[in-house]
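Remarks on the structure that follows.
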Amino acid sequence: MDQTYRVIAAWTASYPDPVRADAGEAVRLTGRRDVWEGHLWLWAVDTAGREGWVPEALFEITGDRAVARTGYAAVELSCAEGTVLTGTRAVQGWIWCRTEDGTEGWVPQRCLKAGED
């Protein structure tokens with residue numbers, strides 16, 4: 001989907017070492033839930049003990065266990081207003097973005113405007 005975006009509202013990453021799961025890997029759900037931009041997010045703990053939000057759409061959920069349908073890492077990308085990013089994937093109100101120097105992470109879609117202008 002490579003799309004160019006300009007940051008229209010700065011974003012600061014929330015968690016220094018967030019939850020991660022490879023495709024087919026399970027995480028434990030704590031029961032904590034939240035709705036972001038109309039989508040369900042679940043608080044999870046991975047096998048290394050890292051915690052964070054996972055998008056319901058990317059996991060197969062059974063009770064308090066969720067198996068990743070695809071690799072997922074809750075890494076957020078801090079970015080300043082005016083920065084130009086390349087977005088490669090959209091999930092539940094977030095865009096996976098890359099900076100010119102190759103740093104990657106999730107940025108809320110509401111903080112981005114498609115195009116460089």
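Coordinate-derived values only; no laboratory data. These figures come from a predicted structure and were not determined experimentally. Neighbour counts are summed over all protein chains in view; Cβ atoms, including those assigned to glycine, are modelled from backbone coordinates with ideal geometry.
Brief remarks on what is shown
- A Förster distance of 22 Å, applied to the separation of the beta-carbon atoms of Ala57 and Glu104, puts the FRET efficiency at 0.65.
- At an R0 of 25 angstrom, the distance between the Cβ atoms of Thr47 and Gln3 translates into a FRET efficiency of 0.15.
- Potential lengthening between Thr30 and Val91 on full extension [0.36 nm per residue; Cα-Cα distance subtracted]: 19.8 nm
- Short to long, the 5 Å bins of the Cα pair-distance histogram for segment 20-73 hold 5, 24, 36, 26, 9, 1 percent of all pairs.
- The Cα center of segment 80-98 and the Cα center of segment 1-67 differ in position by 16 Å.
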